[in-house]
Amino acid sequence: MADFIIIGAGIGGLATAHALLKLGHAVRVYEAAAELRAVGAGVVLGANAMRALHELDLHDAVAVLGASVCQLQLLDQQGRLLQTADTTDFTRRLGFENIGIHRADLQRALLAGLPPGTVQLGKAFERYEETPTGVRAHFADGSQAHAAALIGADGLNSRVRRQLLPAAAPRYAGYTCWRAVVEAGALGLPAGESAETWGAAGRRFGYVPVGGGRVYWFACLNSPAPRSPKYQAYRVADLQREFAGFHAPVPELLALTHNDGLLWNDILDLPPLPHFARGPVLLLGDAAHATTPNMGQGAGMAIEDAAVLARCLRASPTNVWAAFNSFEQRRRARTARIVRTSWQLGRVGQLESPLLTGIRNTVMRLLPAAVSRSQMAWLYEEL
Ligand SMILES: Cc1cc2nc3c(=O)[nH]c(=O)nc-3n(C[C@H](O)[C@H](O)[C@H](O)COP(=O)(O)OP(=O)(O)OC[C@H]3O[C@@H](n4cnc5c(N)ncnc54)[C@H](O)[C@@H]3O)c2cc1C
């Protein structure tokens, strides 16, 4: 059995630690943050991600903390239906639901199942060097660690990637996003339903139940450049002004939000990489294929990565490099397709021109249900 260093205790790093431990490997996870605080808002885990969690024996521990979501409604600013995606058939066939979950709950569930001491906090990775027997990681505190292989699960701004593929860089999608999780039990929203509204002038708002009466919402606005000082200063009242005139429950969800619960991020992704693996080093999760959030697949792809890596290591138990190469072959096309489709979807959702948004909405209304079913089929069934 081999020993592995994983950089990053996010969703991908923790899921991968489970996958490797289950195969009998030794694993150490190094995380830059001094503590894993309950930050973040909600994430969606599609049936594909839930199936991957099942492979890792983590399905039930995660599912119990989330809320099942079987309907995604696409609406216009007045709340008129543009399209519905119903996942009930897929759930019946695959045996797995889509769920919404607070990112912190997901991270906590993944952490809880690991043996004590697996994750070391306050360890900011700086660089690695290959050695005759593997790879040595160097940390900002001057310490080092050595193992047969190193997995970079250190997110969108991965330092592991910066060393492995220096030319790769995240790209700004042209819009910025606020998120929050609110206690919304009093609103009586229909169970199992999530919705996204494509409004006028590049205004987009969506919400997903995440369990325990809580709802995760996100609100996007176009912004020509990232890190806008104007948007950085935005509070709930500014969003209420921007999204005034949106149908229920948008004003109600904003009214339930406190300024200190508001998260703000520019939306970026990573153009598909030429490689995920080189020798004893592998990238996975956002470090390998960060996506815009429009398909709700960022966390799901990181979890899929863990399950697929386990399959590759099972097929090449004595050759980690070969398993890493096989992972790259199996994962590049699927993750690139999701990244590209999500990017396009974001461009359509953020349209500003009244003429184009009118055409868009008409097309969405007329789009046959079979199209969204075939989209869901490759997402949920092709892992
Ligand atoms: C704090 C936080 C909050 C988030 N909130 C949301 C959200 O509300 N909704 C949503 O859809 N997505 C959110 N995301 C992104 C989402 O979790 C990821 O897109 C997805 O889950 C893929 O997971 P990942 O493990 O690849 O990356 P991430 O979940 O981003 O995890 C990467 C981990 O690596 C650590 N790390 C980074 N650099 C170093 C380093 N040099 N040395 C050691 N460790 C390092 C980070 O601290 C982090 O814990 C959030 C990410 C983070 C880090």
**Study point:** Tabulated pairs, the range 34-50, first among the polar types (S, T, N, Q), second within 10 Å of the ligand (Cβ to nearest atom), C-beta under 7 angstrom, 6+ apart or interchain
**Key:** Asn48/Gly300
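Given the criteria more than 12 Å from the ligand (Cβ to nearest atom), open to solvent by 40 Å² or more (accessible area, probe 1.4 Å) and in a loop (DSSP other than H, G, I, E, B), does Ala248 qualify?
Numbers: more than 12 Å from the ligand (Cβ to nearest atom): yes; open to solvent by 40 Å² or more (accessible area, probe 1.4 Å): yes; in a loop (DSSP other than H, G, I, E, B): yes.
Yes.
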Exercise for review: Of all residues in the range 335-359, count the ones that are touching a Gly at 6+ places or on another chain (Cβ under 7 Å) and more than 14 Å from Pro293 (Cβ to Cβ).
Suggested key: 2
Revision key, fill the gap. Checked the range 197-238 for anything of a type in the set (Gly, Ala, Ser), touching a residue at least 40 places away in the same chain (Cβ under 8 Å) and farther than 17 Å from Asn98 by Cα; matches are Gly199, Ala200, Ala201, Gly202, Ala219, Ser223, Ala225, Ser228
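To keep it simple, each residue is scored yes or no on (1) out of contact with any His (no Cβ under 8 Å at 6 or more places or on another chain); (2) within 16 Å of the ligand (Cβ to nearest atom).
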| site | (1), (2) |
| --- | --- |
| Ala32 | yes, yes |
| Gly40 | no, yes |
| Ala49 | yes, yes |
| Val62 | yes, yes |
| Leu74 | yes, no |
| Leu81 | yes, no |
| Asp105 | yes, yes |
Review point. Are there any pairs, at least 6 apart or on different chains, whose C-beta atoms fall under 6 Å, with the first in the range 258-269 and farther than 20 Å from Pro293 by Cα and the second away from the ligand (no atom under 12 Å from the Cβ), and if so, which?
Key: Asn259/Arg235; Asn259/Val236
Point to revise | Lone qualifier among Ala169, Ala184 - being over 20 Å from Ala237 (Cβ atoms) and either more than 14 Å from the ligand (Cβ to nearest atom) or over 20 Å from the mean Cα position of the chain (by Cα) (or both) | key: Ala169
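A quick yes/no check of all residues on (1) assigned to a helix (DSSP H, G or I); (2) surrounded by fewer than 21 Cβ atoms within 10 Å (Cβ to Cβ):
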| site | (1), (2) |
| --- | --- |
| Ala168 | no, yes |
| Ala186 | yes, yes |
| Gly206 | no, no |
| Pro209 | no, no |
| Tyr216 | no, no |
| Cys220 | no, no |
Practice item. Taking Gly95 as meeting all but one of (1) more than 26 Å from Trp217 (Cα to Cα); (2) in contact with an Asp or Glu (Cβ under 6 Å, 6 or more places away or on another chain); (3) open to solvent by 10 Å² or more (accessible area, probe 1.4 Å); (4) not hydroxyl-bearing (Ser, Thr, Tyr), write down the number of the exception. Key: (2)
Practice item. Considering every residue within the range 114-127, establish whether at least one is touching a helix residue (DSSP H, G or I) at 6+ places or on another chain (Cβ under 7 Å), assigned to a loop (DSSP other than H, G, I, E, B) and surrounded by fewer than 17 Cβ atoms within 10 Å (Cβ to Cβ). Key: yes
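Filter the range 258-271 down to the residues that are over 28 Å from Trp343 (Cβ atoms) and either in a loop (DSSP other than H, G, I, E, B) or of a type in the set (D, E, K, R) (or both) and list them by number. Before you say what the answer is, go through the steps one by one.
As a first pass, look at the range 258-271 and keep what is over 28 Å from Trp343 (Cβ atoms): 258-261.
Correct list: His258, Asp260.
Suppose we filter Asp238, Asp286 for residues that are at negative phi, within 10 Å of the ligand (Cβ to nearest atom) and open to solvent by 10 Å² or more (accessible area, probe 1.4 Å); which single one remains? Write out each step before concluding.
Numbers: Asp238 fails: within 10 Å of the ligand (Cβ to nearest atom).
Just one listed residue meets the conditions, Asp286.
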Review point. Assuming Tyr216 fulfils every condition listed in (1) within 16 Å of the ligand (Cβ to nearest atom); (2) closer than 30 Å to Ile359 by Cβ apart from one, which condition is it?
Key: (2)
Exercise for review: Report, by residue number, each residue of the range 272-286 that is assigned to a strand (DSSP E or B) and either closer than 16 Å to Ala302 by Cβ or of a type outside the set (Val, Ile, Thr) (or both).
Suggested key: Ala277, Arg278, Leu282, Leu283
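The values are calculated or read from the model by the stated rules, or taken from the named source; none is laboratory data. If you're wondering where the values come from, they're calculated on a predicted model, not measured in any experiment. In this analysis, Cβ positions are derived from the backbone assuming ideal geometry, glycine residues included, and neighbour counts consider all displayed protein chains. For accessibility, only protein heavy atoms count, side chains too; no ligands or nucleic acids. Shrake-Rupley method; radii C 1.70, N 1.55, O 1.52, S 1.80 Å.
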